[in-house]
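A quick write-up on the structure given underneath.
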Amino acid sequence: MTTTAHRLLTARRAGLPALLAACVLGLPDAASAHGIGGASDLPIPGWLFAWGATAVLILSFVALGVLWPKPRLESMARRPAFTLPRFAEPAAAVVGLALTALVVVSALFGTTDTATNLAPTFVWVAFWVAVPLASVVLGDFYTALDPWRTIARVANFGVRAARPYPARLGRWPAAFGLALIGWMELVWLRRDDPRALGVVILAYGAIQLAGMARYGIESWRRNADPFAVYTHVLSHASPVVVEDRRVSFRAPLSGLPSLTAAAGTVGVMVVLIGTTSFDGLSRGTLWAKIGPQIGTLGGDLGLSTPIANEVTGTIGLFLALALVAGVYRVGITGMQRLVRVGHQRDAMAGHFAHTLVPIAVAYVVAHYFSLVALQGQALFSLASDPLGNGSNIFGTASASVNYALLSAGTIWAVQVVALVSGHVGGLVLAHDRALTTFSDHRRAMRSQRFMLVVMVGFTSLGLWLLSGA
């Protein structure tokens with residue numbers, strides 16, 4: 001190799017880390033943190049967090065290339081642990097039905113005060129955030145609790161399924177449903193209205209029951225039921241597996257390669273990451289400047305202020321989803337250039353969809369950790385007085401939220417560790433999958449340069465959003 005050629009090759013290899021570092025440095029320094037549950041200041045400068053996160057990812061990339069020459073996660077065995085008693089699933093089904101009935105009754109017949117009615121806190125804290133996060137640790141326990149599945153099983157919907165579920169639809173109905181729920185949480189002005197939530201819960205249940213009656217219980221839940229798909233996908237990261245009452249343990253992340261790459265799986269992951277990203281963006285200083293300007297345009301078109309605000313939020317949410325999809329597309333497009341066979345190129349996005357699961361988990365932990373830890377305490381008092389009528393069933397109605405439970409430093413430590421760990425996990429999964437996708441180790445490593453850009457991009461985005469956007 002000539003001296004000139006050697007210099008060009010060296011410059012090319014050095015260009016990627018330089019580009020990644022530049023992407024991080026281009027973000028503004030953190031001034032204040034935010035997240036549902038409280039804001040705080042960074043214990044150390046934001047640029048140092050960004051540099052550290054980038055360094056961790058690059059070092060992980062290099063270490064994987066040297067120390068991980070063969071796929072390991074694709075074929076890891078499970079270790080049987082114990083068998084659940086026969087009454088466990090029926091008991092869980094009864095609990096799920098009872099909780100759902102209690103929340104619906106509270107929403108429709110309890111007080112209209114958001115703070116003292118059980119429904120808003122249960123739906124947005126316990127159900128929408130805590131249950132999926134618990135699935136990452138305990139596995140897919142929601143299946144046993146799912147009230148709509150229980151009703152469908154009692155009605156024998158699985159036996160009388162009218163037709164097979166269309167494979168071309170895949171998980172797109174779930175992706176659309178998750179985007180709609182995300183819109184309700186972040187944009188809809190009546191998201192905390194107990195009466196509106198009660199109607200939404202009943203409508204959601206009716207749709208799920210109709211789908212299971214038409215396509216069968218398992219087919220519908222694994223593809224079209226938004227929350228069932230959400231928890232099922234995240235449970236693949238869990239070290240716990242429950243099948244036919246048998247509980248087994250496995251290495252963390254080792255279950256994700258088995259996630260079926262059905263159509264729409266990438267869409268589900270984009271929605272999960274994108275909605276959380278918009279939640280962070282909508283609470284930052286950048287959106288505080290841009291949002292009102294978009295709302296003013298809506299007012300100029302004759303829209304009322306509430307409708308204009310919802311339109312503004314909808315536009316922002318769409319842009320966040322498009323941004324996340326674009327970042328992932330960068331990595332996939334780069335890898336597709338290394339594959340010569342057409343159908344393999346087309347399947348590449350779905351083939352690596354499972355690598356986004358740790359990132360989705362990281363974003364949820366980073367943005368909602370303080371919400372669950374602080375606002376989740378309110379469930380103790382609300383459980384004793386679910387209707388807000390002054391009852392004290394369990395003697396905890398007077399319990400208060402301890403906002404001093406978590407310090408600012410603790411919240412930020414959890415958020416940053418979650419972001420970096422999630423993206424390192426995604427990088428490990430992508431590297432392992434690349435070793436089974438490409439013909440040789442060298443080409444697999446070349447492909448992961450593009451995924452490294454994706455992971456650093458998502459890490460930088462996450463830290464920027466947490467810094468106040």
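The values are calculated or read from the model by the stated rules, or taken from the named source; none is laboratory data. Model, not experiment: these values are computed from the prediction. With ideal geometry, Cβ positions are generated from the backbone for all residues, glycine too; neighbour counts draw on all protein chains shown. For accessibility, only protein heavy atoms count, side chains too; no ligands or nucleic acids. Shrake-Rupley method; radii C 1.70, N 1.55, O 1.52, S 1.80 Å.
Observations
- The stretch 47-103: number of residues that are under 30 Å from Gly462 (Cα atoms) and acidic (Asp, Glu): 1
- Failed condition for Pro226, given (1) open to solvent by 20 Å² or more (accessible area, probe 1.4 Å); (2) free of Cβ contacts under 8 Å to residues at least 60 places away in the same chain: (1)
- Top-ranked residue in the stretch 322-373 [being open to solvent by 30 Å² or more (accessible area, probe 1.4 Å) and touching a Lys or Arg at 6+ places or on another chain (Cβ under 9 Å); ranked as modelled with the lowest pLDDT]: Arg345
- For Ala444: the one exception among (1) in contact with a helix residue (DSSP H, G or I) (Cβ under 8 Å, 6 or more places away or on another chain); (2) in contact (Cβ under 8 Å) with a residue 40 or more places away in the chain; (3) under 19 Å from Glu74 (Cβ atoms): (2)
Yes/no per residue for (1) within 19 Å of Gly350 (Cα to Cα); (2) crowded, with 21+ Cβ neighbours inside 10 Å; (3) at pLDDT 85 or above; (4) not hydroxyl-bearing (Ser, Thr, Tyr):
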{"position": "Val417", "(1), (2), (3), (4)": "no, no, yes, yes"}
{"position": "Leu427", "(1), (2), (3), (4)": "yes, yes, yes, yes"}
{"position": "Ala430", "(1), (2), (3), (4)": "yes, yes, yes, yes"}
{"position": "Arg433", "(1), (2), (3), (4)": "yes, yes, yes, yes"}
{"position": "Arg443", "(1), (2), (3), (4)": "no, no, no, yes"}
{"position": "Ser447", "(1), (2), (3), (4)": "yes, yes, no, no"}
{"position": "Met451", "(1), (2), (3), (4)": "yes, yes, no, yes"}
{"position": "Val456", "(1), (2), (3), (4)": "no, yes, no, yes"}
{"position": "Leu465", "(1), (2), (3), (4)": "no, yes, no, yes"}
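- Meets criteria (among the hydrophobic types (A, V, I, L, M, F, W, C) and over 12 Å from Thr116 (Cα atoms)) for Leu379: no
- Tally of residues being touching a strand residue (DSSP E or B) at 6+ places or on another chain (Cβ under 9 Å) and part of a helix (DSSP H, G or I) across the stretch 111-149: 4
- Yes/no for Ala134 being at negative phi, without any contact (Cβ under 8 Å) to a residue 24 or more places away in the chain and surrounded by 18 or more Cβ atoms within 10 Å (Cβ to Cβ): yes
- Verdict on Ala107 being of a type in the set (A, V, I, L, M, F, W, C) and modelled with pLDDT of 95 or more: yes
- Here the condition is being open to solvent by 70 Å² or more (accessible area, probe 1.4 Å) and part of a helix (DSSP H, G or I); of Leu59, Leu108, it holds for Leu59 alone.
For every residue, the table says whether it meets (1) touching a residue at least 60 places away in the same chain (Cβ under 8 Å); (2) loosely packed, with under 14 Cβ neighbours inside 10 Å; (3) polar (S, T, N, Q); (4) closer than 25 Å to Leu371 by Cβ.
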{"position": "Glu243", "(1), (2), (3), (4)": "no, yes, no, no"}
{"position": "Arg246", "(1), (2), (3), (4)": "yes, yes, no, no"}
{"position": "Ser254", "(1), (2), (3), (4)": "yes, no, yes, no"}
{"position": "Val270", "(1), (2), (3), (4)": "yes, no, no, yes"}
{"position": "Leu286", "(1), (2), (3), (4)": "yes, no, no, yes"}
{"position": "Gln293", "(1), (2), (3), (4)": "no, yes, yes, no"}
{"position": "Leu301", "(1), (2), (3), (4)": "no, yes, no, no"}
{"position": "Glu310", "(1), (2), (3), (4)": "yes, no, no, yes"}
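- Test: residue in the stretch 226-239 that is closer than 28 Å to Ala155 by Cβ and not in a helix (DSSP H, G or I): no
- Restricting attention to the stretch 374-402, the residues that are touching a helix residue (DSSP H, G or I) at 6+ places or on another chain (Cβ under 6 Å) and exposed (fewer than 13 other Cβ atoms within 10 Å of the Cβ) add up to 3.
- Looking only at the stretch 65-97, residues that are out of contact with any strand residue (DSSP E or B) (no Cβ under 9 Å at 6 or more places or on another chain), within 19 Å of Thr143 (Cβ to Cβ), open to solvent by 60 Å² or more (accessible area, probe 1.4 Å) and not in a loop (DSSP other than H, G, I, E, B) come to 5 in all.
- Residue in the stretch 160-177 that is open to solvent by less than 30 Å² (accessible area, probe 1.4 Å) and under 23 Å from Leu99 (Cβ atoms) present: yes
- Considering residues of the stretch 253-310 that are hydroxyl-bearing (Ser, Thr, Tyr) and not in a helix (DSSP H, G or I) only, the residue farthest from the chain's Cα centre (by Cα): Ser304
- Looking across the stretch 178-220 at every residue that is within 16 Å of Thr276 (Cβ to Cβ) and without any contact (Cβ under 8 Å) to a residue 60 or more places away in the chain, the one that is surrounded by the fewest Cβ atoms within 10 Å (Cβ to Cβ) is identified as Leu180.
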